[in-house]
Number of protein chains: 2
Amino acid sequence: VHDDLPCMDDDDLRRGRPTVHKAFDEATALLVGDALQTRAFELLAHASCDAQVCLKMISALAAASGSRGMAGGQAIDLESVGKKLDLAGLQQMHAMKTGALLSCAVQLGGIAAQLNSVQMANLDVYSTALGLAFQIVDDVLDATADSQTLGKTAGKDAAANKPTYVTLMGLDYAQKQAKELQETAIASLDSFGASAQALKDLALLVVNRGK
Amino acid sequence: VHDDLPCMDDDDLRRGRPTVHKAFDEATALLVGDALQTRAFELLAHASCDAQVCLKMISALAAASGSRGMAGGQAIDLESVGKKLDLAGLQQMHAMKTGALLSCAVQLGGIAAQLNSVQMANLDVYSTALGLAFQIVDDVLDATADSQTLGKTAGKDAAANKPTYVTLMGLDYAQKQAKELQETAIASLDSFGASAQALKDLALLVVNRGK
C-alpha cells in the first residue's frame, strides 16, 4: 500500500484494481500500511508456537522489513533513479527491497517447523534464487507486457529511467537468467522430497507467469 | 514522522526543527516511519526478558499502534475535520490516537516488571488520566502559545476547524480538567510509594509544561 503512494512508485493500479490511495485517499493509505505492518507482528505474537519460536519469527520479520531489509532497499531504489547502478548494485537493492521479505516468508515456515541449520540454509538458497528470479521476471514483464495484462501500469521503470535487469543485461539474457535461477531454486529443495512440492510449484509459477 | 506528512497534519516543524519530510523528502519520511515501527518490535523481540514477557510486550505495542489504537484514532481524527464531534467522540478519538501508545509505554514497564493485575490496573488509571491531560494541555497550548515557544506551528487545529477540548469545553474548564486529571494520575500511584516518583514527576511535567 505504501509502495503505491505518489511519493513512492505513484501507481494507480494494483492487481487490476485502483490502489488504496486512489480508491480512498493518501492519508488512509498511509494509515492502512502502518496498521497492517503492526498487525503482522501482532499475529506472530499470538501464533500457536513455543514463545521462543514466536520471538524468532518476529525477529526475522522485523529484520526483513526494516532498514536492513525492505525499507532500506526501497530507499536505495529511490536514490538510484537516473543513476548508473551496476548489476551488483541492482542485485543488492533488490535483495533488500523484495528479496528479504520473500525469503522471510519461507524462513518463517522453517522456523515454525524448527528445521535444522542445513535445512534452513537450503531454504535460503531457494528463496534467494526465487526472489531474484521474481524481480528479473518483473522487469521482463514491465518491458514486454501491457498494463491490462499486468494489472498495473506497464513500462514505468523505463519511463522513470530506472536501472532494471532488462536494461542492464538485455531481454534474452534476463529471461535465461530467470530460468537458471528457477532451476537452482527447485534443486535446493531436493532433500525435502515431496513435502516441498508447493514450494517447487511456486518457483514454476513465479518464472512462468504472464503478469 | 508519518504524523507530520502533508497528507496527515502537514507540519513543517517538530520540536523546533524541520520535520523529516521537510529536511529530506516525503519518500524518506515514509520509509523512516516504516523502518522505525519495525525496529520497535525488533527491540522488544530481543529484550532481556523471559520469552513470554517479550511476547506480551510485543502484543501490547501492536494493539496500541494499530487499527484499534494509534492508526485507528488518527483515521477517526482525519474523518472528524469540520464535523461536530461531541466530547465523548473527542475523548474516544484521543484515547486511541495518543492515549493508547502513551498507556502502552507505561504498561510495558509493568509487564517487564511482572506486576500483578491490581498494580497493572493502577498503572492504567495513571496512564489514561495522563494521556487525556496531555491532550487537553496540547489543545490549550495550541490555542494560547506561539509557534516559537511550541517548536511547532501554533493555532493549526482552530485553522483546520478541528474539534478540540478548548473549543468544546472552553479554555478555563479545559485547564481545570487537566489539573484534576493530573491529581487522579498522581493519586493512582499511591500504592507504589517512592518507586513511582519518576511517574509522578512526569504527571507534573505534562500538565505544567509551556510547550
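A short reminder: the numbers here are calculations on the coordinates, not readings from a lab. Here the structure is a predicted model, which means the values were calculated and not measured. Cβ: placed from backbone, ideal geometry, glycine included. Neighbour counts: every protein chain shown.
Data table
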quantity: Largest-first principal axis extents, alpha carbons of the range A:82-195, Å; calculated: 45, 28, 24
quantity: P(r) of chain A over all Cα-Cα pairs, binned every 10 Å from zero, in whole percent; calculated: 8, 29, 37, 21, 4
quantity: Whole-number percent relative contact order across chain B, with pairs defined as alpha carbons under 8 Å at least 6 apart; calculated: 20 percent
quantity: Fewest-first sequence of A:Ser195, B:Ser67 by Cβ atoms within 10 Å of each Cβ; calculated: A:Ser195, B:Ser67
quantity: Residues A:Ile111, B:Ile76 arranged by fewest to most Cβ contacts within 10 Å; calculated: B:Ile76, A:Ile111
quantity: Copy-to-copy label separations for A:Glu183, where each label sits 7 Å from Cα toward Cβ, in nm and ascending; calculated: 8.1
quantity: Value of relative contact order over the range A:9-127, rounded to a whole percent, pairs C-alpha under 8 Å and six or more apart; calculated: 21 percent
quantity: Euclidean distance between Cα centres, the range B:1-70 to the range A:34-68, Å; calculated: 15 Å
quantity: Sorted by Cβ neighbour density within 10 Å, fewest at the top, the residues B:Phe192, A:Phe134; calculated: B:Phe192, A:Phe134
quantity: Amide H within-cut-off set for B:Leu13, under 5 Å, with H built and near neighbours excluded; calculated: B:Thr19, B:Thr153
quantity: Residue (of B:Cys104, A:His94, A:Ala160) at the positive-pole extreme of the protein assembly as shown, dipole from beta-carbon charges; calculated: B:Cys104
quantity: Under the span-like rule (Cα at least 27 Å along the axis, Kyte-Doolittle mean at least 1.0), DSSP H helices of chain B; calculated: none
quantity: Distance (nanometres) between label positions extended 7 Å along Cα→Cβ at A:Lys179 and B:Arg17; calculated: 5.4 nm
quantity: P(r) of the range B:52-113 over all Cα-Cα pairs, binned every 5 Å from zero, in whole percent; calculated: 4, 20, 25, 18, 13, 9, 6, 3, 1
quantity: Kirkwood-type radius of the range B:12-126, with distances r between different C-alpha atoms, in Å; calculated: 16.1 Å
quantity: Unit Cα scatterers, Debye sum, the protein assembly as shown: log10 I(q)/I(0) for q = 0.06 Å⁻¹; calculated: -0.31
quantity: Karplus 3J(HN,Hα) series, Hz, for the range A:2-17 with 6.51 cos²θ - 1.76 cosθ + 1.60 (x for Gly, Pro); calculated: 5, 4, 7, 4, x, 6, 9, 7, 6, 9, 8, 10, 9, 6, x, 10
quantity: Peptide B:21-34 - average C-beta neighbours from other chains (10 Å radius); calculated: 5
quantity: Shape category assigned to the range B:24-90 from the gyration tensor of Cα positions, a/c cut at 1.5; calculated: oblate
quantity: Equivalent ellipsoid, the range B:155-198 (semi-axes from 5 times Cα gyration tensor eigenvalues, Å); calculated: 32, 12, 7
